[in-house]
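Q: So that we are looking at the same thing, I have put the structure below in structure tokens.
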């Protein structure tokens, strides 16, 4: 496989991808999902990856999370941190209460009981779910479940958060509120976020930098800094302007796959 | 300015709790315990009454003479007499002890084999389909071999009970592990669960509903095998329920025979109800049970 080794621009990147290549399948059925993707995410930066179907967005996050292995290139996470990953579905453990779900990563790290209880209470406060600790996931709404998943991921105490269309299945009102929440938590905890979405407005609302991926194979084709002051509103003219620019680029890219 | 952000935070808080309240409103349907119990009990009582009624009608029709098919009243009197005596309880104790011993051993074997097959590709290829084949083998077909191997002994019964129950339990474990949602496994791995911890925190609990289904089926098979065994392997000093069935037939004591059958049926129902309760608890916790409809 091609493994172009370009040295990362800065040694201080929170996440550094260099010439990352991923192929699924073998022989004539092989699909090139990612083709030489290089990207440096600064510490504390909020990066949104935008692309149409088949651009390998989710693949990229799986690789950074260490759930999958690339065929070429290198992926470095600063201080060997273990990134937390959130999915489009909450992926909560249905047999556990909300509290116990958030507690799982703490248990796995071997924290003593008292410390765990304190941390769980603090995390549930952070996502405004203090009153729901004893509930089970199925008793909550979709937005609430996704907040539990966020609290559970934050319990990893990781500086790097990977989010795979985490709000894709929610209604617009809930999504708006969760954008505010995520922005607040990201600022408070000084997280580095790599956020995958196909929702261009969402990207413009949240990102410091938007990166556009092409489809089949996934390559970085364009990127832009979003210089809009925070806190932002999804319906503000500045956000809308960025969103329409990204949309135009995306449509051009999608058009390439037609006749 | 500071005041401003404070009210912002308060407003965000109010918005979120308002949205939460709206979204989960009406999800909690409270049905009183008594009403729920009655709703699940009356159909059973009605079915029971109809069955007894049909039985009585058949007896009245004179299809068979009363000495081979006695009516419900005669059998009830015999049952009451048996319940008052020692013989029934001794037999029940013997049978239940065998059942417990055989079942516990089957659970151990079934869980171990099931887990091993679920984990190992080689083992699955080697014995995966054999487990299902064993499961379809009628347990009574094992008895001639069991008697050759162990003669007319407790061991022969034990052997057949384990062969009857263990494959179902193993299959429950295998399908349970197979159907663990991959998303939960990925989530578990990302949260730091590796190796044994992945089994402890994710795979085992996720597979539990299927494992309990396997345990339930395993019980049904072991109970059937045990009854078959006790009918065949009689005369080993103890008067089990199965032996009492055989004796009552030899003595043409139809009321005793039917009373014993009712006892066997009741044991089966009680254990089944226990498994049913466990199953419902799990499904309620897992959120796959509609609270209103049982």
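Just so it is clear, none of the values below were taken in a lab; they were calculated from the coordinates. Please read all numbers here as calculations on a predicted model, not as lab measurements. Cβ: placed from backbone, ideal geometry, glycine included. Neighbour counts: every protein chain shown.
Q: Suppose we keep just the alpha-carbon trace of the stretch A:1-130; what are its Rg and Dmax in angstrom?
A: 18.2, 56
Q: Return the tail of the calculated pair distribution for the stretch A:129-259, meaning the percent of Cα-Cα pairs more than 26 Å apart.
A: Every Cα pair in the stretch A:129-259 considered, those over 26 Å come to 29 percent.
Q: I want to verify a result. In a Gaussian network model of chain B, Cα cutoff 10 Å, which of these has the top mean-square fluctuation: B:117, B:234, B:270?
A: In this elastic network of chain B, the residue with the biggest mean-square fluctuation among B:117, B:234, B:270 is B:270.
Q: For chain A, what percent of Cα pairs sit more than 34 Å apart?
A: In whole percent, the long-distance tail amounts to 19.
Q: A follow-up question, please. Tell me the label-point distance for the pair residue B:63, residue B:283, using the 7 Å Cα-to-Cβ offset, in nm and rounded to one decimal.
A: Label at residue B:63, label at residue B:283, 3.4 nm between them.
Q: Quickly work out the residue A:224-to-residue B:97 label distance, labels modelled 7 Å from Cα along the C-beta direction, and quote it in nm with one decimal.
A: Reported label-point gap for residue B:97 and residue A:224 is 8.3 nm.
Q: At what distance in nm do the modelled label points of residue B:77 and residue B:175 sit from each other, each positioned 7 Å from its Cα along Cα→Cβ?
A: Each label point lies 7 Å from its Cα, and together they span 4.8 nm.
Q: Å³ per residue of the Cα convex hull, for the stretch A:97-141?
A: Convex hull volume per residue, Cα atoms: 65 Å³.
Q: Taking beta carbons within 10 Å but only from partner chains, what does the mean come to for residues A:135-146? Could the numbers behind the result be given before it?
A: Details: counts 3, 4, 2, 7, 5, 5, 8, 1, 4, 5, 0, 0.
Mean inter-chain Cβ contacts per residue within 10 Å come to 4.
Q: Another question about this same structure. Return the single residue from A:166, A:94, A:43 with maximal mean-square fluctuation; model: Gaussian network over chain A, springs between Cα atoms under 10 Å.
A: A:94
Q: Mean separation of Cα pairs under 8 Å and 6+ residues apart, divided by the residue count of chain A: what relative contact order is that in percent?
A: 25 percent
Q: Once you have the Cα-Cα distance between residue B:86 and residue B:56, take 0.36 nm times their residue separation minus that, and quote the gain in nm to one decimal.
A: Extra length available between residue B:86 and residue B:56 comes to 7.9 nm.
Q: Right, next: Quick one: A:40, B:90, fewest Cβ neighbours within 10 Å first, how do they rank?
A: Fewest-to-most Cβ neighbours within 10 Å comes out as B:90, A:40.
Q: Taking Rh as the Kirkwood radius computed over C-alpha pairs, what is the Stokes-Einstein D of the stretch B:166-294 at 10 °C in a medium of viscosity 1.306 mPa s, expressed in µm² per second?
A: Numbers: Rh = 17.6 Å.
Stokes-Einstein gives a translational diffusion coefficient of 90 µm²/s.
Q: Could you tell me the calculated FRET efficiency between residue B:33 and residue A:254, based on Cβ-Cβ distance and R0 = 60 angstrom, to the nearest 0.05?
A: 0.55
Q: What percentages make up the Cα-Cα pair-distance distribution of the protein assembly as shown when the bins are 10 Å wide from 0?
A: The calculated distribution, bin by bin, is 3, 14, 19, 19, 15, 11, 9, 7, 4, 0.
Q: Could you work out how much longer the chain between residue B:150 and residue B:24 gets when fully extended? Use 0.36 nm per residue separation minus the Cα distance between them, nm to one decimal. List each step's numbers first, then the result.
A: On the way: separation 126, 0.36 × 126 = 45.36 nm, distance 6.19 nm.
That pair, residue B:150 and residue B:24, stretches by 39.2 nm at full extension.
Q: Scattering from the C-alpha atoms of the stretch B:64-286 alone, worked out with Debye: what is log10 I(q)/I(0) at q = 0.08, 0.11 1/Å?
A: -0.38, -0.65
Q: With a cut-off of 8 Å between alpha carbons and a minimum separation of six or more residues, what is the relative contact order of chain B in percent? Could you put the intermediate results ahead of the total?
A: On the way: 274 pairs, mean separation 63.8, N = 294.
Here the relative contact order equals 22 percent.
Q: Something else about it: Given the alpha-carbon gyration tensor of the stretch A:145-190, what are the semi-axes of its equivalent ellipsoid in whole angstrom, ordered largest first, with each equal to the square root of 5 times an eigenvalue?
A: They are 18, 12, 9 Å, listed largest first.
Q: A further question follows. When all alpha-carbon pairs of the stretch A:50-195 are counted, what percent fall beyond 19 Å?
A: More than 19 Å apart: 54 percent of the Cα pairs in the stretch A:50-195.
Q: Let me know the mean shielding of B:189-201 by other chains, meaning the per-residue number of their Cβ atoms within 10 Å of its Cβ.
A: 5
Q: Rank A:29, A:199, A:227 by mean-square fluctuation in a GNM of chain A with C-alpha springs under 10 angstrom and give only the top-ranked residue.
A: Sorting by GNM fluctuation, first place goes to A:29.
Q: Bin width 10 Å, origin at 0, all Cα-Cα pairs of the stretch B:73-160: what percent of pairs per bin?
A: Each 10 Å bin holds this share of Cα pairs: 14, 28, 28, 19, 8, 3.
Q: Kirkwood hydrodynamic radius (Cα pairs, Å) of the stretch A:15-65?
A: Over the stretch A:15-65, the inverse of the mean reciprocal pair distance is 12.0 Å.
Q: From other protein chains only, count the Cβ atoms within 10 Å of every residue's Cβ in A:89-98, then give the mean.
A: The mean count of partner-chain Cβ atoms within 10 Å per residue comes to 5.
Q: Could you please rank B:264, B:211, placing first whichever residue has the fewest other Cβ atoms within 10 Å of its Cβ? Don't jump to the answer; show the numbers that get you there.
A: On the way: B:264 19, B:211 23.
Ascending Cβ contact count within 10 Å gives the list B:264, B:211.
Q: Here's another thing I want to ask about it. Mind running the shape call on the stretch B:1-159? Use the C-alpha gyration tensor, a ≥ b ≥ c as the square roots of the eigenvalues: rounded below 1.5 for a/c, prolate if a/b tops b/c, oblate otherwise. Show your work: numbers first, answer last.
A: Details: a/c = 3.26, a/b = 1.52, b/c = 2.14.
Because a/c hits 1.5 or more and a/b fails to exceed b/c, the stretch B:1-159 counts as oblate.
Q: In addition: For the stretch B:88-216, list log₁₀ I(q)/I(0) at each q in 0.17 Å⁻¹, using the Debye formula over Cα point scatterers of equal strength and ignoring solvent, two decimals each.
A: The Cα Debye sum returns log10 ratios of -0.90.
Q: In nm, what is the difference between 0.36 nm times the number of residues separating residue B:200 and residue B:44 and their Cα-Cα distance?
A: 52.3 nm
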